[in-house]
Structure formats: structure tokens, C-alpha cells
Amino acid sequence: MTAPKGTANLLYSDTEDALRDSVRRLFAERCAPETIATVYDDAQADFTDVWKTLATELGLAGLLVPESLGGAGAGTREAAVVMEEIGRAVAPVPFLPSAVLATVALLKAGETQTLRSLAEGSATGALAIPLSTPPGAFTATVRVGDSGLTGRVTSVAGANQADVFVVPAAGPDGLELHTVSRAAPALTVTPVLSLDMTRPIADVEFSDVPSTRVDDGDAQAAMAEAQLCGAVLLAAEQLGVAQWCIETTLAYVKDRKQFGRAVGSFQALKHRLADLWLEVSSAGAAARYAADTYARGDADTPVAAAVAQAYCSGVAVHAADECIQLHGGIAMTWEYPAHLYLKRAKSDQLALGAPHHHRALLAELVDLPAS
Amino acid sequence: MTFDEQPIAHDLDARVRELLAAHDPERADPQEFLGARFDAGLAWVQFPEGHGGLGVPQSFQEQVNAALAAAGAPAPEVDTNGIGHGMAAPTIVAVGTEEQKRKFLRPLYTGEHVYCQLFSEPGAGSDLAALATRAVRDGDDWIVNGQKVWTSGAHNARMAILVARTDPNVPKHAGLTYFLCDMTDPGVEVRPLRQITGEAEFNEVFLTDVRVPDANRLGAEGQGWRVATTTLNNERVAIGSGAPREGGMIGKVASAWREQPALRSPAVHDELMRVWVESEVARLTGERLRQQLAAGQPGPEGSAMKLAFARLAQAISGFEMELHGEAGLRYDDWTLRRPDRVDFTGRGPGYRYLRAKGNSIEGGTSEILRNVIAERVLGLPPEHRVDKDIPWKDLSR
């Protein structure tokens, strides 16, 4: 087993704090929880403008793209801050599908044209894989034929909002990576009711759809990189979800009175919140370590990502559970935003591999074989 | 390292070279070498000049330790004098007089003075401030009477940090004073306290008319609680300090898994990976805490690390027993041994399992630590304290 090398910086820089402030301000002004809840109903509020502001005005769609390719030339440390804020606001913006999954796949594949349009925010992308795909376990359900791509991919995140799909497809000599325009003929996107409608999924059907092959011969590596980066950054979102849950719960139990005293003065609740705080703090360290190791190109990144996913996803769910239990009845209402966070937390736990997938992967990485 | 820090690093290198040139690290008597190291300001670099340090950031200590270790120099016995290094020294340097620093820090560092902690009592555990050991002024001395308990290493200690009641007529926190007590005083009696592991790492200490000079009083009369709190925060950080990856309890289990394929099964494997992940995350959390505290004093956040450590140690040592199956039915040694150091991961799985039960009790129970986090970190309302304003002598006991 290899020991981690280099010194990880587990704190936030002033620049990162400033970035956090601007993202938090945008969501506070434009993504109020009661507006977000409308995504579950027929008369939906439209958040396209929020995404456009985030992507273009704040210039965050190209965070992970080098400046030479039209991006901001930042890295996962900064992108993680954005994801933390997306989690904290359960913001319905396709940052993960477009600016992370599709972008990193194209970047690693060596594609530049679509990448530029994603980086500048003029187009929104989606990686055509089921959101639940575990790391290293991808099998193509789309194949490359003589007259285009054919096949079906279920549960694709960000498909509804995508202008362009990045599609891993089985070619005659192995996996290939293609781009497909949303406007292409014989492409059908069918939205499905999602547990988390703030990150809606859709099924995507291809029937001889024209496409452009964009990989440089190693589409497998591009997919692995996108999944790895996605795992690293999803942990940051889970941290943000957990932070909202504990902070909101703390404010509530200090205010809510029963038996003539604040319910937060009861030791049964104080101890649960102390334990939860420890978990959320720990998730913060795990998520930050993953973001920092990835940003530094540290060889420990796969271990850091697997640890972060195995740990942070459960913490987000636990924080949402505690948020609901310690609020009591009010948290079961549609009106109170706790449910938005539970739905995001549980969906995030299944996204990019459930915790047991990451533990199994980790076992291989640290030489603790199952049998 | 920043530009400003380079001159410090160079200066330390030069001092290390000078020390090694004057004292052959491989031939010098360890105590003599450590004394010279102390005098050179290389013992605790963050301490003031003349008191074992140079007043530079603590982060430079590692550089000094590494250079001296590479030269084969004797290192201070931190393991056998954990109370001295982790608690007494930081407290002496924080509140001691110049004279006290001069008198006590050097022998502590060289190992001449091993310390133990005379805090807990049969009637004052979690409620430490209720302690009943009395210190009564007699000229230039204090006469101390009482009983202390859970005193690790008292049988090897030359000195003790002691908290005693000097004023029973004020509320409990206000009547305490902190002393450095000489364990060779004829009134000090140390009796082994046998534990569930069979050994006696702890002791009961009976204090009968023990004479403590007022010159050994640390901090003002009545300030003992404040001084003790500084020390306890240090203890919690010391106990909660993270190890390298797979350090501590998880390393034992991981090694067993790798070396004994016969132990492996799918259900147990997922359990193993769960505790591996939690151990790694605890390590990272400790590392991040250290980065956050790098400049300042340890605060209540240290309590969180100790809480995590205790929970994990118990979970993993229990898991380890199940993993070993039949071998878990056996035990290595029930005799009343008196170890000279605390070793949570030493000996066999059975010992580790039993010893870990103390981790959530010693140095602040996990319940008290949860209160500390809830109140001081999360700002939740404090527990009701019915005894807060009542003179200690009037409390029900």
C-alpha cells in the first residue's frame, strides 16, 4: 500500500472564499427554496437564466478548462467550492453534468471545439451515462453503426437542458467517444420523474443518429477521468447539503421551545448534533483532501476520491435525516425546504456509484482484497 | 515555506550542527545530550529563549526532530512521560513564573522528572471541579490531604500536576489551585489499581500531609480551574492527534487481513472497508484541525478528535475480535503487570478490545465531550448547573 505523498492543503484560500461569496449571493437572490420546490410541479419556474449567469457572467462553466482552450484555468479546488454552494442551495443548475462530467470527458479525450462552447457557456452539455454508473464499471449501451449511433441510455443527468451530448459508444475496435447535437434527427430525450427533480434525469434514445467522433483513441481513459473528477466534486456537493442541514437544524432547535425551554437545550438533541457536527467536519476534511489531491495531480487521487464518496454521501443523507427528525412535523411539510435536501442527498448517494461500490474500489486500491 | 521563514530554517540547521559538533549524538549520555539540546533552544522551538525554545513557530520542530533523528541522537521519552510533555510543559510555559520555567522545564525534558496527573478523585470524575483534596496554607508551604485516582504512571513519576481545593467557602470552580507536587514526599502513597485488562497502568494516590512549597503553585490561588482547563485541552489534542494512514488500530486489522487470507469473507470485507474509510477520514480531520490550529492555541475543537478516536478504537477493536474468530477466545496475559507507558495498540486483540473501553472515559468522557462541542462550538444552551453559585462546602455529596 502506498502512503499519501506531498502536503495537502485542506483549508480554503481567500480567492476561494471570494468565489464562494459570489456563488452564494447569486443563489440567495435567484434560487429561493420556495421557487426551487416548483420543479416538482407542472408549473415550473425556469432556472435557465440562473445557470447562464453562473456559466457566463461568473464564468464558472469553464473552471476546469485551461485558459488556452477558452476556460478559466482553475481546478477542482475552486470547482469544489462551487459544488459546495450548489449543494447548500440545492440549486437546479447543470454544473455537474455539463461543466464537470461532459467537460472533463472532452478535455481528456483531446476534443477542443465543443469544449470551448461548453467552457464559455454558449452551450450546455451532458455525458450520456446513467447517473448511477459506478466507477470503473461502465458498459456502453450505444453502438456505432454505419449510419450513426444507435441505442438507449437511461437516467442521464442534465439531458433536459443539454444542447450537446457526449456519448460513449461501442465501436468496432472498442469504446469511442462521440458528440451529438440535441437538434440531431432521430434523437429522443424523454424526461422521467426523478426522486430529485432539482437534478432531473431523462432517458435518451439514439436511432442512427449522426455524430462526430472526438476521442484520440482512448475513450476509456476519458470516461474514467470524468467519473473520477465527478466523484471528487460530488463529495463537495454532499458536504454543502450536509452543512445546510446542520446549520438550519441548529438555528431551529435554538429557537423552538417545548416544555418551557429551547429544545436544543435537551441533552438528547445536543449529543446528536455534536455527533453530526463531527461527521460534517470529517466530511469537510475528506472532500477537501479529494479536491486538493486531484488539483495537484497527486497519485493518491483515486484513493482520496473513493474515500470521499464512501464517506460524504452517507453524511449528507444522515444530516438530512437528522434535519427532519430534529425539526419534527414541520420538516415533513412540502412548504419547508428540508425535503429538497433529503431528495438531493439520497440521489447524490446513488450518483456515480453507491458507497459500497466505492468501498469495493478502494479495497483494490489499498491492497485489501475481498477474497 | 515562505520567504520570511527561510532565515529561521537556516538558523535552526546551524544550531543543530553546533549541537551535534559539541555532543557526539551516539556516545553522549542521553540525559546530558537532551540537556544540551534544551539549552540550545531545540527542545520545543516554540517556547521562549532560555526555556528550551527560540520563540519560533512550532511547525519548525519537525525539521529539528528529523535532523537529530537522522544523526542518531537520543530523543526525549515522550511515551513514558506523556503527561509531562503533553500537559505539564505547555501549562508551565503558559502560566509559570520565570523561576518555575527555569526550575522545571529542563528536568522534564531530559526525563529526570517524569510527571503524572493528580486530578480525578473517587468523588470527582466528569465533575472535576467538585474535587475534595484540600490544600491548607502553612507558612511558605501548603499541606495537602486527599485521594486521587486513575493516575497513569504514578508508580514511575517523580513529579505530578495537582489540583487541590484551597478555599471551600466559594463556589467549586473558584476555590481551586494548581500545584506541581513532588511524588517523593513521604506523604505520597501510590497503590496499583488493577484494570479489566489485568494490568495496573493506573493507580490510586493517597496524599497525607504532603508538603508542597508555595513556590510550586502554578498560577494564582483560586485560578486552578482556568489553569487545569488549559491542560485538559492539551490532553484532548494529544489523545486525538492523528497517526499516518493505517496508523493505530486499523493498521493491526489491515495487516491481519493481508497476512491471513483464511480470515477473509465478503460480509466482513465490507465491514473492514467501512472502518478503514472512517479511520482515514479521522486522520484527515485531525490533519485539517492541525492546519487550522497551526497558529493558535488548542480550542474545544480538539474534543471532537478525541470523540472520533474513542468511537473508532472501540468499533475496530470489537471488529478485530470477530475477524479472528477462535483466536479471539484466547488472551495473552492476565497477570498484574505495571507498564511504564500507555499502549492502546500493543499486545493482542483481546487486550486492545478491553483497553479501548477506557478511551471514551479517560481524559473527558464522550458524553462530556459532546456537551463541550454542543455548547462551545455549536452554541447550544448550556446544561442546568444547580451548583454553580453555591459554596463548595454546602454542596450535597
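Every number in this text was worked out from the coordinates using simple rules, so none of it is lab data. Note that this is a predicted model, so its numbers are computed, not measured. FYI the Cβ positions are ideal-geometry reconstructions off the backbone, even for glycines, and counts take in every protein chain you see.
Descriptive notes on the structure:
- Exercise: per-residue mean of other protein chain Cβ atoms within 10 Å, B:373-386: 5
- Here each label is just a point 7 Å from Cα along the line to Cβ, and for residue B:112 and residue B:126 those points are 4.3 nm apart.
- When B:345, B:229 are arranged by Cβ crowding within 10 Å, least crowded first, meaning fewest neighbours, the order is B:229, B:345.
- Label-zone membership for region B:59-73, site residue B:26, 7 angstrom Cα→C-beta point, backbone N under 15 Å: B:69-73
- Relative to the longest principal axis of the Cα atoms of chain A, the long axis of helix A:301-327 makes an angle of roughly 40 degrees.
- Pairs of lysine residues in chain B that meet both criteria, 8 or more places apart or on different chains and Cα atoms under 20 Å apart, total 7.
- Under 19 Å of direct C-alpha separation, and excluding same-chain neighbours fewer than eight residues apart, residue A:270 reaches these aspartates and glutamates: A:247, A:255, A:279, A:321, A:322, B:127, B:301, B:367, B:375, B:383.
- Selection of trypsin sites (Lys or Arg not before Pro), region B:1-105, meeting DSSP coil and at most 12 other Cβ within 10 Å: B:27
- Each of B:182, B:333, B:394 was scored by other Cβ atoms within 10 Å of its Cβ. Arranged with the fewest first, they read B:394, B:333, B:182.
- Cysteines in chain A that, by Cβ-Cβ distance, have no pairing candidate under 4.7 Å: A:31, A:229, A:312
- The slack in the chain from residue A:68 to residue A:325, taken as 0.36 nm per residue of separation less the alpha-carbon distance, amounts to 87.6 nm.
- Here the calculated FRET efficiency for residue B:208 and residue B:49, from their Cβ-Cβ distance with R0 = 51 Å, stands at 0.80, rounded to the nearest 0.05.
- If R0 is taken as 45 Å, the Cβ-Cβ distance between residue B:293 and residue A:150 corresponds to a FRET efficiency of 0.15.
- Between residue B:58 and residue A:56, the simple label model (points 7 Å from Cα in the Cβ direction) yields a spacing of 5.2 nm.
- Debye-formula intensities of the protein assembly as shown, expressed as log10 I(q)/I(0) at q = 0.05, 0.09, 0.10, 0.11 Å⁻¹, are -0.32, -0.94, -1.09, -1.24 (one equal scatterer per alpha-carbon, no solvent).
- Between 0 and 90°, nearest 10: helix A:267-295 axis offset from chain A longest Cα axis: 30
- Contour excess over end-to-end distance, with Cα ends at residue A:256 and residue A:332 and 0.36 nm allotted per residue: 25.7 nm
- Cα centroid of region B:316-372 to Cα centroid of region A:248-283, whole Å: 31
- Centre-to-centre, using Cα atoms only, region A:9-81 and region A:311-348 are separated by 22 Å.
- Inter-chain Cβ neighbour count for B:261-273, averaged per residue, equals 3 (cutoff 10 Å, partner chain atoms only).
- Entry note, chain B: the mean residue ellipticity at 222 nm calculated from DSSP H runs of n ≥ 4, each adding -39500 (n - 2.57), is -12500 deg cm²/dmol after division by the residues and rounding to the nearest 500.
- DSSP bridge orientation in chain A - percent antiparallel, rounded to nearest 5: 85
- Footprinting exposure proxy for A:257, B:148 (fewest neighbouring C-beta atoms within 10 Å first): A:257, B:148
- Here the Gaussian network model covers chain A, with springs between Cα atoms less than 10 Å apart; of A:236, A:184, A:119, A:184 fluctuates the most.
- Derived from the Cα gyration tensor, the three semi-axes of the equivalent ellipsoid of chain B are 33, 30, 22 Å, largest first.
- Sites residue A:205 and residue A:44 - FRET efficiency at Förster radius 25 Å, r taken between beta-carbons, to 0.05: 0.60
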